[in-house]
1. Please identify every one of the trypsin sites (Lys or Arg not before Pro) in region 130-165 that sits in a loop by DSSP and has no more than 11 other beta carbons within 10 Å of its own beta carbon.
2. Nothing charged except the Cβ atoms of Lys and Arg (+1) and of Asp and Glu (-1): what's the magnitude of the dipole of region 2-202 about its Cα centre? Round to the nearest 20 debye.
3. Could you give me the percent of Cα pairs per 10 Å distance bin for region 65-142, shortest bin first, beginning at zero and ending with the bin that holds the maximum distance?
4. In region 3-47, whose amide N lies under 20 Å from the spot 7 Å out along Cα-to-Cβ of MET199? List them in ranges.
5. Compute the normalised compactness of region 2-202: alpha-carbon radius of gyration over 2.2 N^0.38 Å, N being the residue count.
6. Would you list, by chain and number, the lysines whose Cα falls below 24 Å from the Cα of LYS13, excluding same-chain residues fewer than 8 positions away?
7. Subtract the Cα-Cα distance of GLU150 and LEU18 from 0.36 nm times their separation in residues, and report this length gain in nm to one decimal.
8. Quote the charge dipole size of region 15-67 about the Cα centre in Debye, to the nearest 20; the model charges only the Cβ of Lys and Arg (+1) and of Asp and Glu (-1).
Amino acid sequence: MIIAIDGPAAAGKGTIALRLAEHYRLNHLDTGLLYRAIGRKMADAGLDLDDADLAGTVARALDPADLGHADLRGREAGELASRVAIHPPVRAALIDFQRDFAARPPGAVLDGRDIGTAICPGAEVKIFVTASPEVRARRRSDELIAKGREAAYERILAEIRERDARDSGRAAAPLQMAPDAALLDTSDLGIDEAFRAAMAIVEAKRR
Ligand code: CDP
């Protein structure tokens with residue numbers, strides 16, 4: 001079974017993907033990490049993130065060790081990721097890796113922006129996880145506060161809106177819901193409720 005989970009930043013797709021993978025004993029790939037690693041690698045080397053061909057070269061040379069970089073999870077890496085993710089050569093370089101991962105037994109949960117539309121259009125289950133920008137910004141700022149870091153809600157909300165616009169507005173594999181995906185709005189759901197709702201979608205598809 002392949003489960004494709006797509007949606008905007010901080011909608012809860014990562015947590016849902018991880019828990020579905022554990023529950024159904026499937027492999028899990030957080031595809032955002034690939035774009036984050038490419039953005040980080042280019043920024044660390046002082047390369048121009050707007051150079052599509054150069055970004056494609058970096059993407060083709062991506063090494064598993066690059067995914068172990070200490071600072072891939074933060075907001076800055078997310079920004080860098082969304083800048084390199086607009087380049088068609090970058091997306092093309094990552095297709096085979098993601099599809100091979102999905103094809104490996106016993107199956108996989110992949111989360112990202114274009115899994116149900118471009119990477120695994122034949123996935124048995126597709127879930128589009130979303131939440132209002134305000135709720136997503138609140139979650140991001142709560143995460144930062146929990147880590148003892150400074151969190152300016154208004155700035156985080158502005159960043160989320162900006163990233164949504166960039167991810168949805170780009171020409172190459174934009175963030176959009178596949179026509180056969182189930183919509184899961186987590187705005188009013190806690191983590192356990194969101195997971196149960198996702199499981200109900202999987203079970204309905206399997207029947
Ligand atoms: O959870 P969050 O959205 O903050 O981060 P992420 O899922 O790691 O994605 C970071 C950025 O990578 C996104 O804003 C997208 O621009 C890009 N991305 C993509 O284009 N395609 C994917 N399959 C996954 C991520």
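1. Here the trypsin sites (Lys or Arg not before Pro) that fit, given the DSSP loop and packing criteria, are LYS147, ARG149.
2. Here the size comes out at about 200 debye.
3. It works out to 14, 38, 38, 10, in whole percents.
4. Answer for this model: 3-6, 12-29.
5. That ratio works out to 0.98.
6. LYS126, LYS147, LYS205
7. 44.8 nm
8. Computed about the Cα centre, the dipole is about 360 debye.
Read-outs: derived from the displayed coordinates by stated rules, not from any lab. Everything quoted here is computed from the prediction, not taken from an experiment. Cβ sites come from the backbone with ideal geometry, for glycine too, and all protein chains shown count toward neighbours.
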